[in-house]
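The values are calculated or read from the model by the stated rules, or taken from the named source; none is laboratory data. Only a predicted model underlies this, so the values are computations on that prediction, with no experimental measurement involved. Cβ coordinates were reconstructed from backbone atoms using ideal geometry, including for glycine residues, and neighbour counts include every protein chain displayed.
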Amino acid sequence: MEGFDILNLFIVLLSAWGAGALIKRIGYPAILGELLVGVIIGPSLLGLVESSSTLVIISEAGVILLMAYIGMEINFKDLGKASWAGLLAAIGGFIVPFGLGYYAVTQFGGTHMAGLFVGIAVGVTSLATKSRILVDLNLLDTRIAYVLMAGALISDTLALIIFAGLSSFIDAGSVDMTEISLIGGKIILFFAFTTFLGIYFLPKLGKWMANRKIDNRTTYFTLLLLIVFGLSELAELVGLHGILGAFMAGLFIKEGVFHEKITKDITRVFHDVSVGFMAPIFFVTAGFHVTLDVFQTDLELLLVILGVAFIGKILGTVLFYLPSGNGWREGLAVGTGMNGRGAVEIVIAGIGLQKGIISQEIFSILVFMAILTTLSVPVLLTWTTNWLKKRNELVKQFSRKGHIILGANPLALLLGKHLSETNKVVFVDANKGLCENASNLGFECIHGNILEEATLSEASAKDFKTFIALTRNNEINLLSSQLANDVFFIPEKFIVISPNTSNGEKGGINLLSTASASTLFSSKVDIQPWIQKVQDSTFKEIETINNKKISTREWVKLQSSKHNNLLPLVIIDNTGTKRPFRYNDYIEANEKIISIE
């Protein structure tokens, strides 16, 4: 295969996979590992691999698919949950670092166009890493989470639009009014056409394919590839960059356009092909262009841009966030969360380097800036949110409500009966008879395999606050909790752990921490005898009032010391709201506990 450098491709892929996996193990996004390993194996250090036409072609195609995937991941419903505060955070977090970045580069002798490109790169915030960080810090049900997501969506979209306009002017080589009008007209026509395609044509096409029972995933994937690359080429033809066309294509590949299962499958394929194969090649080869000479020749500019990135993003967010009425401290937390950069920033910087607008030194500075700012996010966001918690100012969004309960056995139905008094409850069970019984009692029950995403999607899992796994199978409870955490980002997970754990299952209990889950009933429980008691109606409910604040674990130990064979179900707070009795919770004075014996 003449001209196709298989060995270089193999080394780059292996390095990307290894470095990405390693950096993810310590809690950071894979892109950081891919950039760093590119610096290490590239010309700057070891010189093991150099860029080639093969790597360039694959990496450019990878960027197109990556931008399409980022577009697919954007949910405009999230913007509505915190649109005003998110808009303020996005504007302040973009404009201030943008202006400071432009000023810094021009003061150091850079061109005005280079200053604009650096300003865009400094103003961008990382959309791709936010959800993961918010889950890891257990912040997904807070107002800060929705502001961060909305701010990231607006910021990235704003950056791409400004970048598209600059790219057009650069390629035109002229800024006279006639040329400006022509470029503006082309951009308007492009957005009008893509909007028509996404809102009108694609849903019609999806309905036509569904009516003809076309359900072959390969057919849909090929069709969407044609749309993505077609819109990318169209963007190039009107003077924009191809990444904007891909981004717009991804935005319109949503639920309701094609069959839900097809959409999820295609999104997963785009993720695997872009994030798993082609985009890592782009980020590793981006590291090839990084020069370590900046630490000697441009150290002052490096430190200035790092300062601009940190101070501009955080200070700009705090200042513009004040009109939201949520307080400057919450603005500080949002600013630290938005401080990380990622894929979009590196893509824009890479295009600037390719077009000759920024130098290799400035590109290197932007890569180091992306790495260092992203590394700071978990640390600074943890510090600021803990500060808000201590001051009782960490506001819950309460946009997620209700409980999904895995298992429609008699004990689960009894728990669901109590919880449904103040919250929506939906059951999921693979046993059709149990599901029908739950339905006869007035509950909504989804019949299906809990370990399949489609089942939780049918239950609208993304709208629920709590996932409860109440089956006799430890492994199913643990794996379903992991799925609820990783895919649907359900904030609270409570699961039953049986004391009769085999050696093979002991390792799986470690999933409790990785899924941020707690033990239901605050101890290991063999639920089979309790299921039988409830089924035979030989149980008795007991309501006790707590006299002083005590942890749920201490309460269980106290009952055991009294030889009380009780199974605590729910805690009733002073407003009458019931919550599941689980580990790592506290029972306040005058709160009630409902148990069965």
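The table for this structure:
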{"quantity": "Members of region 550-575 found to be more than 26 Å from G407 (Cβ to Cβ) and either surrounded by fewer than 11 Cβ atoms within 10 Å (Cβ to Cβ) or free of Cβ contacts under 8 Å to residues at least 24 places away in the same chain (or both), listed by number", "calculated": "E554, K557, L558, S561, K562, H563, N574, T575"}
{"quantity": "Enumerated strands (runs of 3 or more DSSP E) restricted to region 424-481, each holding at least 3 residues that are of a type outside the set (K, R) and in contact with a Gly (Cβ under 8 Å, 6 or more places away or on another chain)", "calculated": "425-429"}
{"quantity": "Positions within region 89-124 being of a type in the set (G, A, S), surrounded by 24 or more Cβ atoms within 10 Å (Cβ to Cβ) and in contact (Cβ under 8 Å) with a residue 24 or more places away in the chain, in sequence order", "calculated": "A89, A90, G92, G93, G101, A121, G123"}
{"quantity": "Spans of strands (runs of 3 or more DSSP E) in region 513-597 with at least 1 residues among the small types (G, A, S) and closer than 27 Å to P491 by Cβ", "calculated": "517-519, 592-596"}
{"quantity": "Near pairs, Cβ below 9 angstrom, 6+ apart or cross-chain, from region 48-61 (among the aliphatic types (A, V, I, L, M)) to any residue that is assigned to a loop (DSSP other than H, G, I, E, B) and at pLDDT 80 or above", "calculated": "L48/G42; V49/G42; V49/P43; L55/V49"}
{"quantity": "Criterion: assigned by TED's automatic domain parsing to the domain that holds G123, outside any helix (DSSP H, G or I) and at pLDDT below 85 - qualifying residue of G356, G350", "calculated": "G356"}
{"quantity": "Flag if G331 is more than 30 Å from L388 (Cα to Cα) and either surrounded by 24 or more Cβ atoms within 10 Å (Cβ to Cβ) or at pLDDT below 85 (or both)", "calculated": "no"}
{"quantity": "Considering residues of region 237-247 that are modelled with pLDDT under 80 and farther than 18 Å from A279 by Cα only, the residue surrounded by the most Cβ atoms within 10 Å (Cβ to Cβ)", "calculated": "L240"}
{"quantity": "Residue in region 391-411 that is over 30 Å from R329 (Cα atoms), touching a residue at least 24 places away in the same chain (Cβ under 8 Å) and surrounded by fewer than 16 Cβ atoms within 10 Å (Cβ to Cβ) present", "calculated": "no"}
{"quantity": "Filter result (among the hydroxyl-bearing types (S, T, Y) and modelled with pLDDT of 80 or more) within region 506-530", "calculated": "S518, T519, S522, S523"}
{"quantity": "Yes/no for R268 being in the same structural domain as D156 (by TED's automatic domain parsing), modelled with pLDDT of 80 or more and among the basic types (K, R)", "calculated": "no"}
{"quantity": "Lone qualifier among K261, K313 - being touching a Ser or Thr at 6+ places or on another chain (Cβ under 9 Å) and surrounded by fewer than 19 Cβ atoms within 10 Å (Cβ to Cβ)", "calculated": "K261"}
{"quantity": "Test: K493 is charged (D, E, K, R), assigned to a strand (DSSP E or B) and not assigned by TED's automatic domain parsing to the domain that holds T263", "calculated": "yes"}
{"quantity": "Whichever residue in region 458-477 is crowded, with 24+ Cβ neighbours inside 10 Å and aliphatic (A, V, I, L, M) and, among such residues, is nearest to V425 (Cα to Cα)", "calculated": "I468"}
{"quantity": "Criterion: more than 29 Å from the chain's Cα centre (by Cα), at pLDDT 85 or above and not acidic (D, E) - qualifying residue of L226, L234", "calculated": "L234"}
{"quantity": "In region 10-68, residue farthest from the chain's Cα centre (by Cα) [restricted to those that are under 24 Å from T267 (Cα atoms) and of a type in the set (S, T, Y)]", "calculated": "S59"}
{"quantity": "Of all residues in region 316-328 being in contact (Cβ under 8 Å) with a residue 60 or more places away in the chain and of a type in the set (G, A, S), the one that is surrounded by the most Cβ atoms within 10 Å (Cβ to Cβ)", "calculated": "G316"}
{"quantity": "Filter result for E453 (surrounded by fewer than 23 Cβ atoms within 10 Å (Cβ to Cβ), touching a residue at least 60 places away in the same chain (Cβ under 8 Å) and either outside the structural domain of D573 (by TED's automatic domain parsing) or farther than 20 Å from P580 by Cα (or both))", "calculated": "yes"}
{"quantity": "Total residues in region 362-390, condition crowded, with 18+ Cβ neighbours inside 10 Å, among the polar types (S, T, N, Q) and farther than 16 Å from I305 by Cβ", "calculated": "2"}
{"quantity": "Positions within region 206-224 being free of Cβ contacts under 8 Å to residues at least 40 places away in the same chain and in a helix (DSSP H, G or I), in sequence order", "calculated": "K207, W208, N211, T218, T219, T222, L223"}
{"quantity": "Selection within region 528-558 - touching a strand residue (DSSP E or B) at 6+ places or on another chain (Cβ under 8 Å) and not aliphatic (A, V, I, L, M)", "calculated": "W530, K533, F539, K540, E541, E543, T544, N546, K549, S551, T552, W555"}
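To keep it simple, each residue is scored yes or no on (1) small (G, A, S); (2) at pLDDT 85 or above; (3) over 30 Å from L231 (Cβ atoms).
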| site | (1), (2), (3) |
| --- | --- |
| M1 | no, no, yes |
| I11 | no, yes, yes |
| S15 | yes, yes, yes |
| I26 | no, no, yes |
| L48 | no, yes, yes |
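To keep it simple, each residue is scored yes or no on (1) surrounded by fewer than 21 Cβ atoms within 10 Å (Cβ to Cβ); (2) modelled with pLDDT of 65 or more; (3) among the β-branched types (V, I, T).
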| residue | (1), (2), (3) |
| --- | --- |
| R132 | yes, no, no |
| L148 | no, yes, no |
| L160 | no, yes, no |
| S167 | no, yes, no |
| A172 | yes, no, no |
| D176 | yes, no, no |
| L189 | yes, yes, no |
| F196 | yes, yes, no |
| I199 | yes, yes, yes |
